[in-house]
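Peer 1: Input: one structure, supplied below.
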Amino acid sequence: MLVTSIPLSSQQALPTDWRDLYALTKPGVMKLVVFTALCGLLAAPVMPPLVIGFTAILCIALGAGAAGALNQWYEADLDAKMRRTAKRPLPAGRMDKQTALHFGVGLSVFSVVLMELATNWLAASLLAASILFYVLVYTVWLKRRTAQNIVIGGAAGAFPPLIGWVAATGQVSLLPVLLFAIIFLWTPPHFWALSLFVRSDYAAANVPMLPVTAGVEATRRQVFLYTLPMVAAAIAPWPLGLTGAIYGIAATALSAAFLVLAVAVSRSRTTDPALMKAEKRLFAYSIFYLFALFTALVADRWLIA
Ligand code: HEM
Ligand SMILES: CC(C)=CCC/C(C)=C/CC/C(C)=C/COP(=O)(O)OP(=O)(O)O
């Protein structure tokens, strides 16, 4: 009673639970982000001292988490309208927006400065660029405006292996650019497969995701179409002589399975999310695929060297 009689502006900030700060970093998604970064670093031709390598990966994890926090700070209104996201700390009312903003900005600055001190300016600049890209280009600019939001904005999630490589070597070369391309082309099948069976959430929140704006059939076609260049990018390092047969065979087998599942999505006809088995299978496989592909890359480097 006492609390409700005080105007909102003069109430104290909500107490912050560390578990909510952790949730703000989107730990589920970030595991794969950090794993691909680690593989980018381990695939590089020179290894930094252990403590430097560890710090570089820590910075990428903190920077990605900070970007996730800023995304949730900006989108609390949207998250409140979607079943999948309504229980997050901000829409659920467990955290005030200022705490999320301070946490996101503080952690972003800390991660970039530490990256520069521990490794090099190029890795720090790429980390800053990926945070800015996810927050400004994807979240603020594109997400609510165009169904191409994840094609362009998804580039943010493609940076981590490149940053890992540059942290180790100080320079960009062809293999990490291809790793960037793989994740860039992987993002549309990954996300559009999921968006097909959660499209009612996006429709409710008025977010122009492809199944909402172009329909289910068109989205299924796009999933298949993006899979083709993704498969080419994934296999390319082998014929280009940038990796050996361990990676080449693994990439070919993993990509063939991806293609089979994408064909199944393109042939699926149901519009009932509960029956979208092919879409659910492809989404789950997309995550396994990237984990396995990057594991094969590192195995190839370390077993052959
Ligand atoms: C703009 C690009 C992307 C969009 C819109 C997107 C969207 C999503 C959504 C909505 C989910 C399901 C719910 C969730 O856990 O938040 C999800 C799950 C996931 N995404 Fe993505 N994603 C994108 C890019 C990426 C990238 C670049 C990676 C990693 C390299 C990634 C890795 C994952 C993982 C590992 C999960 C499963 C999370 C879990 O099991 O808790 N995603 N993605
Ligand atoms: C180093 C660095 C900064 C890496 C960034 C990694 C990154 C941007 C990954 C993108 C994946 C992601 C969280 C998409 C969620 O989209 P969404 O925000 O639309 O999902 P939501 O609906 O769950 O909020």
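Coordinate-derived values only; no laboratory data. Here the structure is a predicted model, which is why all the values come from computation and not from measurement. Glycine also receives a Cβ, built like all others from the backbone with ideal geometry; neighbour counts cover every protein chain displayed.
Peer 1: Net charge near residue 201: determine it from the other residues with C-beta under 12 Å of the C-beta of residue 201, scoring Lys and Arg +1 and Asp and Glu -1.
Peer 2: Here the count lands on +3.
Peer 1: For residue 270 and residue 140 in the same chain, what is the full-extension length gain: residue separation times 0.36 nm, less their Cα-Cα distance, in nm?
Peer 2: Gain on extension, residue 270 to residue 140, equals 43.5 nm.
Peer 1: Let me ask you something else. Report the longest stretch of the chain that contains none of the trypsin sites (Lys or Arg not before Pro) sitting in a DSSP loop with at most 15 other Cβ atoms within 10 Å.
Peer 2: That gives 146-268 as the longest site-free run.
Peer 1: Could you calculate the contour length gain from residue 171 to residue 110, that is, 0.36 nm times the residue separation minus the distance between their Cα atoms, to one decimal place in nm?
Peer 2: Taking 0.36 nm per residue and subtracting the Cα distance, the gain is 19.7 nm.
Peer 1: Still on this structure: Just add up the charged neighbours of residue 61: K/R +1, D/E -1, any other residue whose Cβ is under 15 Å from the Cβ of residue 61.
Peer 2: With Lys, Arg at +1 and Asp, Glu at -1, the net is +2.
Peer 1: Oh, and also: What's the extension gain from residue 217 to residue 46 if we count 0.36 nm per residue and subtract their Cα-Cα distance?
Peer 2: Full-extension gain reported as 56.9 nm.
Peer 1: Output needed for the chain: three equivalent-ellipsoid semi-axes, defined as square roots of 5 times the C-alpha gyration tensor eigenvalues, in descending order, whole Å.
Peer 2: Taking √(5λ) for each Cα gyration eigenvalue gives 33, 28, 14 Å.
Peer 1: Let me ask something else. Mind jotting down the distance between the C-alpha centroids of the stretch 198-268 and the stretch 10-53, whole Å?
Peer 2: Taking the Cα centre of each part, the stretch 10-53 and the stretch 198-268 sit 26 Å apart.
Peer 1: Arranged by the count of other C-beta atoms within 10 angstrom, fewest first, what order do 276, 82 take?
Peer 2: Taking fewest neighbouring Cβ atoms as first place, the list is 82, 276.
Peer 1: Can you give the FRET efficiency for residue 260 and residue 204, using 1/(1 + (r/R0)^6), R0 = 30 Å, r = Cβ-Cβ distance, to the nearest 0.05?
Peer 2: That gives a FRET efficiency of 0.35.
Peer 1: What's the exposure ranking of 201, 96, going from fewest to most Cβ atoms within 10 Å?
Peer 2: In increasing order of surrounding Cβ atoms, one gets 96, 201.
Peer 1: Near residue 81, which lysines are there with a Cα under 16 Å away, not counting those fewer than 8 places off in the same chain?
Peer 2: Filter leaves 143.
Peer 1: Further question: Starting from the Cα of residue 14, step 7 Å toward the Cβ, then list every residue of the stretch 81-111 with an amide N under 15 Å from that point.
Peer 2: Under 15 Å, as judged by backbone N against the label point of residue 14, lie 81, 85-103 of the stretch 81-111.
Peer 1: Turning to a different aspect of this structure: Taking θ = phi - 60°, what integer Hz values does the Karplus form 6.51 cos²θ - 1.76 cosθ + 1.60 yield along the stretch 171-183, in sequence order, with x for Gly and Pro?
Peer 2: Each residue of the stretch 171-183 in turn: 9, 9, 9, 5, 4, x, 5, 5, 4, 4, 4, 4, 5 Hz.
Peer 1: Could you please rank 34, 51, 223, placing first whichever residue has the fewest other Cβ atoms within 10 Å of its Cβ?
Peer 2: 51, 34, 223
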